[in-house]
Every structure is written in C-alpha cells, then in structure tokens.
Amino acid sequence: MASTSRGEALALPRVTCPNHPDALLVEDYRAGDMICPECGLVVGDRVIDVGSEWRTFTNEKATKDPSRVGDAQNPLLNGGDLTTMISKGTGAASFDEFGNSKYQNRRTMSSSDRAMLNAFKEITTMADRINLPRNIIDRTNNLFKQVYEQKSLKGRANDAIASACLYIACRQEGVPRTFKEICAVSRISKKEIGRCFKLILKALETSVDLITTGDFMSRFCSNLGLPKQVQMAATFIARKAVELDLVPGRSPISVAAAAIYMASQASAEKKTQKEIGDIAGVADVTIRQSYRLIYPRASDLFPTDFKFDTPVDKLPQL
C-alpha cells in the first residue's frame, strides 16, 4: 500500500514506499506503475501520464493543435485542469437550421479557479520583474491559495493579497525585499500591502524572521557597483552600530544605507546619498539622520584591516 508523508503545511503529498521512505521511486511508463528500487514493491499503479499526446512542430499552423489531453495538471486549482474543450465544427452536421453551433463549451473553469489563475499570473509577472526564482513563486502561490480558500481577507483586492504574499514568501525564503520594491512592480500602495501583510500573518498563524541590515547589504552594494572590500566594511559598520545601540528605532534599511555611505566615503569608490537612496529606496534625509547617529563613533566602527582612502577625521559631517 502506498504511504503518503505530509511535511509542512505548504508541501504537497508525496508517495513513498512504506519500507523504504527515502528511496527514489522508479516509474514504469508502459505499465503505469511506480516501483521501489530497493524491494521491488509496486507503490502506485495506474499512474496517469500528464504529458502531451502528440507532438506539435513549429512549422505547423498555429490553429492546428493535435494534443487532446489539455494542459498539465495544476495542483493549486480545485478542478486539477481536467476539462474538455469542444473544437469549432466544420461540417453541416455541426450547425442547426439557424446556423448556430450545436455543441458549445460551457464555462470550463469556476470563478474561484479563474480568480486564482489570474492571481498566479500576476504573481509570476511581479516576480519576473525583480528576478525572483521559481521556488519563491511556488511558495507565494501556495500562500495565496490558503488565504483565498480561508476567505479571511474578504473585501481586499486579490492584487493586494498577491503582493503581500510575495513579500512574505521572500522573507520566509531568506531573500527579503522591501515594501517599496514590491510596490514598484505592483499596482498597490505600500499602505495597502502592509495591511494585507499583517492580516495574512494573523489568518495563517504564521510568522516571518526579523529583517537585518545584512539581508540587504550585498544586493545594495552590488547594484551600486561597489567592490567587495567596501561591502564587507559596510556590513561590519552596520552590525557594529546595532551592537553598540547607536541607531535605536531606525529601520535596518536606513542603517544599511548609512553604513554604505560611510564606507564608500572612506574608500576610493565614493557614492552620493542620492545614488544610495535610489537603490535602497530611502530618502536622502533618512540616510543623513542615521549617518549622524553613527558618525561620532566612526573610528570604532571600521574593521581593522580596512584600507582608508579618506581618513576617519576627514569624513563628511553632514
């Protein structure tokens, strides 16, 4: 008998051998069986091949599609995409005396599936704009499906829920993005995404790790074209400033931006507040306020092996 192991709430069921749960099952496509390579047990039978029935070549007409099996199954949709489409009739027997088609397609997808499919497309579009990998898209889709089926955020726009789910998925996968970065690729305001973010965490009873300055440092420095030495110095400055409690109440993003500004000004690769602010998504005045808090202890913040192009006492005081 097949045993199904269920891991996290977001994981899909997995068929395993009851005697060897870690073994990779071998699929016999001709017989439709899934066999355990360790003991030879037929774990699953009558496996459905969801691949295309026929091959479609590029030089064939776009209207000619010999495939009769439809798209691959989507486990996120309730119907599993098991739908049938009736093609347009060509003979006289396909039409009645008024010229209307005798066989017509009903609505092949429920309204809930259609709404989820549109949300999944929007999530994929947003993720592609900021170069997020496939695993984050899959986690976002699962989060949206859970929220949508619970109906705990009724009255909120699906685009806002999708944007908030993308923000949560990024933080859960360890590659957090700022609210402004999510806003830049969506049509929803920062305030609305923030509201949905809090409501989703409460509805799903989940949590996200606190963001730190190190989560953004490498990406910000890379986008600014700063060398590795400046990035390491900025990371050290930000971490030291937090340890010495020099920036109480400041967001990690503004602290990271101020640390990058200080490290760049001490090196040969100097960057202005505006350049850093455009990449980090913070205002110039915010960088200045955080910089003023860490400037008095600048001599204690740099790593010992840092090569100064501008001495600490010659750094801008703002």
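Looking at segment 183-212 only, could you name the residues that are over 23 Å from Ile130 (Cα atoms) and either among the acidic types (Asp, Glu) or part of a loop (DSSP other than H, G, I, E, B) (or both)? Result: Glu205, Thr206, Ser207.
Here is the figure for segment 109-161: residues that are small (Gly, Ala, Ser), under 20 Å from Lys191 (Cα atoms), open to solvent by 50 Å² or more (accessible area, probe 1.4 Å) and not in a loop (DSSP other than H, G, I, E, B) total 0. Is at least one residue of segment 162-185 exposed (fewer than 12 other Cβ atoms within 10 Å of the Cβ), out of contact with any Phe, Trp or Tyr (no Cβ under 7 Å at 6 or more places or on another chain), at pLDDT 80 or above and within 30 Å of Ala256 (Cα to Cα)? Yes; the residues of segment 162-185 include at least one that is exposed (fewer than 12 other Cβ atoms within 10 Å of the Cβ), out of contact with any Phe, Trp or Tyr (no Cβ under 7 Å at 6 or more places or on another chain), at pLDDT 80 or above and within 30 Å of Ala256 (Cα to Cα). Filtering segment 235-254 to residues that are under 17 Å from Thr178 (Cβ atoms) and open to solvent by less than 10 Å² (accessible area, probe 1.4 Å) leaves Ala238, Ser254.
Every residue, every condition in (1) modelled with pLDDT under 90; (2) more than 12 Å from the chain's Cα centre (by Cα); (3) under 23 Å from Lys202 (Cα atoms), yes or no:
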residue: Asn105; (1), (2), (3): yes, yes, no
residue: Ala119; (1), (2), (3): no, yes, yes
residue: Met126; (1), (2), (3): no, no, no
residue: Ile137; (1), (2), (3): no, no, yes
residue: Asn141; (1), (2), (3): no, no, yes
residue: Phe144; (1), (2), (3): no, no, yes
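Consider segment 265-289 and keep the residues that are without any contact (Cβ under 8 Å) to a residue 40 or more places away in the chain and open to solvent by less than 10 Å² (accessible area, probe 1.4 Å). The one that is nearest to the chain's Cα centre (by Cα) is Gly277.
Within segment 1-45, the residues that satisfy the criterion of being modelled with pLDDT under 75 and among the hydroxyl-bearing types (Ser, Thr, Tyr) are Ser3, Thr4, Ser5, Tyr29.
The values are calculated or read from the model by the stated rules, or taken from the named source; none is laboratory data. Nothing here was measured: the structure is a model prediction, and the numbers come from that model. FYI the Cβ positions are ideal-geometry reconstructions off the backbone, even for glycines, and counts take in every protein chain you see. Calculation scope for accessible area: heavy atoms of the full protein, side chains included, ligands and nucleic acids excluded. Shrake-Rupley method; radii C 1.70, N 1.55, O 1.52, S 1.80 Å.
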